[in-house]
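Single-structure report; data block below.
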Amino acid sequence: MKNVMSNKTAIILYVLPSLLLVLFLIYIPIALTGYYGLMDWSGVGQMKFIGLENYKKLIHDKLFWESTWHSVLLALFSVLSLIGYLIVSLILASKIKGGNLFRKIYIIPMLMSSVAIAQLWIKIFDPMNGLINSLLSMFGIKETPLWLADPDMALYSVFIPIVWQYAGFYIIIMYAALINVPQELIEAARIDGANAFQIAYKIKVPLISGVLKVLVILAVVGSLKYFDLIYVMTGGGPGHATEVIASYMYKEAFGKFNFGYGSAIGFGLLILSMGATWMIQKMLRVNQE
Amino acid sequence: MKEKKILDSKPRSPLRQIAMGILYFILVVVALLQLYPLVWLFLLSLKTNQEVFGMSPFALPKSPRWENYINAWFDGGINQYFFNSVWYTIVAVVLTLILASFVTFALTRMEWKFKGVVLALFMIAYMIPLHSTLIPLFNIYNKMNLIDNPVSIILSYTTFNLPITIMILLGFYQSLPREIEEAAVMDGCSVHRIFFRITLPMTAPVLATTAIINMIYNWNEFVFVNTFISSEKWKTITVGVNNFVGQYLTDWGAIGATLVISILPILIVYLFLSDRIIEGLVAGSVKG
């Protein structure tokens, strides 16, 4: 009777199609990225093997490191904003009236495409007619910032819609974890005379630390590979003020047709993301002990 | 959800009321920040250029210009993009759900070697940054003559959504009682019959959740279409909107209308199924 559930043809039929898709469209491309990185290649025509030239160039490429720095800044910024999200979700999860409605409102930007968000925020940041500068003028501020057009401000301006996009996502996940904290523990602490802050800081936050760690990894890896919104909003400009790793790769490959060098950048992105995940896992485990 | 207000369980002191006031103030400010840009966008989509450039951005449109929507839909070619998005999304969601259900069934119900390896392959695939696969994918599709062909888009959507869909399904399959399936085995049912007639119908709730999550991802996807598709007739709304904005730079009303059209389908679904969407977003993230 067990034979039915170990029917080999059925297993192959059920697993193989998905497995082949994942192998051919995810794993083989990943291996090829590293391989193409060894080539001088314009995407069409012959590849020329040039050994580690592209990778050597990458290590000395100021623009690559500048883009990486921008991605790392975004990662730091995203991790820091988790603190704000945690405060909001602690309030929401304290069984406050209307908490569910607030939660539903917060998530709405997450449902939009990065392209729509980018286009909307281009208008919001518009120096002449945008929402923000109109508001600033109403308060009598004459010298309104140029936002995306100012090389010193563009990167931080781009971070704002990214936070706007993801805030609700992190909040609902933290909230889901917080409402699962056993009520008895909170009651016990309250009877012992703990106030709301102490309960939040000493009981709730430590109890959801597992979820918080996952969110830190999500925030860092998500930031390192961040692309769509920045590419649409600024194209990495002005100059390279908002260039990030993925946008640099994309422009090298599909803009300048340096497929070999683009692949080397793509491989660098892979190593960085995987490395960051591994490092954070190690670091957070150490902190726990 | 139980609305038992713990803060009310003690007698109200003025201090407690002030504290509650501050908490609500924070929540309302965040809600305004999240919502107001969209209200502004909607107002923008109904304005004339004179109203956009000459008047306060907080002013309501004098007479709402619904023509903006009609112009975007027909003259801007948004209708073509929109229908492409609809059918790519549906086909890819159906494929992903069927394939992921097959795999999850085999992983949780059937007996075979290499289960662990296969599961690991799907889990690790979830962590690989999509952008690192883009150049080789382009080359592979190019060799197969699938560039500027919707097949490349549907294959990419299906494949890249498989890992997260399997992850969400796994949790549900593991919690599902097996007695009915075991009884069916005793009765001499074939595997396929058990899968299609018993297991698959029982997973309907989680299939609904994953379908919505997949739908949101596919509808909003940008980079695959932007890279693999070049003709207008195959573009999706996400990429189409981007091109539209490039062409109608100064017509803010039309741009606003286009953006509203592009986000409306998801917002409508959200209006009816918000709990399910939230549940899916949570399930898809934390198990990673």
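Here, each number is a calculation from the coordinates, and none is a lab measurement. None of these values were measured; they are calculated from a predicted model. When we count neighbours, we look across all protein chains shown, and the Cβ atoms used for this are built from the backbone with ideal geometry, even at glycine.
If you go through the range A:240-258 one residue at a time, how many are in contact (Cβ under 8 Å) with a residue 60 or more places away in the chain, closer than 22 Å to A:Lys48 by Cβ and either among the small types (Gly, Ala, Ser) or surrounded by 24 or more Cβ atoms within 10 Å (Cβ to Cβ) (or both)?
Count: 1.
Can you pull out every residue in the range A:10-22 that is within 19 Å of B:His131 (Cβ to Cβ) and either of a type outside the set (Val, Ile, Thr) or in contact (Cβ under 8 Å) with a residue 24 or more places away in the chain (or both)?
Here is the first cut: in the range A:10-22, the ones within 19 Å of B:His131 (Cβ to Cβ) are A:21-22.
Within the range A:10-22, just A:Leu21 meets the criteria.
Taking the range A:116-144 only, how many residues are touching a residue at least 60 places away in the same chain (Cβ under 8 Å) and either over 26 Å from the mean Cα position of the chain (by Cα) or surrounded by fewer than 20 Cβ atoms within 10 Å (Cβ to Cβ) (or both)?
Restricting attention to the range A:116-144, the residues satisfying the condition of being touching a residue at least 60 places away in the same chain (Cβ under 8 Å) are A:117-119, A:121-122.
Still in the list and also either over 26 Å from the mean Cα position of the chain (by Cα) or surrounded by fewer than 20 Cβ atoms within 10 Å (Cβ to Cβ) (or both): A:122.
Within the range A:116-144, residues that are touching a residue at least 60 places away in the same chain (Cβ under 8 Å) and either over 26 Å from the mean Cα position of the chain (by Cα) or surrounded by fewer than 20 Cβ atoms within 10 Å (Cβ to Cβ) (or both) number 1.
Residues in the range A:51-63: is at least one more than 13 Å from chain B (Cβ to nearest Cβ), surrounded by fewer than 16 Cβ atoms within 10 Å (Cβ to Cβ) and either over 30 Å from B:Ile140 (Cβ atoms) or in contact with a Phe, Trp or Tyr (Cβ under 6 Å, 6 or more places away or on another chain) (or both)?
Within the range A:51-63, one or more residues are more than 13 Å from chain B (Cβ to nearest Cβ), surrounded by fewer than 16 Cβ atoms within 10 Å (Cβ to Cβ) and either over 30 Å from B:Ile140 (Cβ atoms) or in contact with a Phe, Trp or Tyr (Cβ under 6 Å, 6 or more places away or on another chain) (or both).
Give me the pairs, please: first residue somewhere in the range A:158-170 and without any contact (Cβ under 8 Å) to a residue 60 or more places away in the chain, second residue anywhere and buried (at least 22 other Cβ atoms within 10 Å of the Cβ) and outside any helix (DSSP H, G or I), beta-carbon distance under 9 Å, and either six or more positions apart or on two chains.
Pairs found: A:Ile160/A:Phe125.
Could you count how many residues in the range B:211-234 are within 14 Å of chain A (Cβ to nearest Cβ) and either assigned to a helix (DSSP H, G or I) or crowded, with 23+ Cβ neighbours inside 10 Å (or both)? Steps first, please.
Narrowing the range B:211-234 to residues within 14 Å of chain A (Cβ to nearest Cβ): B:212-230.
If we keep only those that are either assigned to a helix (DSSP H, G or I) or crowded, with 23+ Cβ neighbours inside 10 Å (or both) too, we end up with B:212-221, B:223-228.
The number of residues fulfilling the criteria is 16.
Applying the selection to the range A:171-210, what residues are within 10 Å of A:Ala93 (Cβ to Cβ) and of a type in the set (D, E, K, R)?
Across the range A:171-210, the qualifying residue is only A:Lys204.
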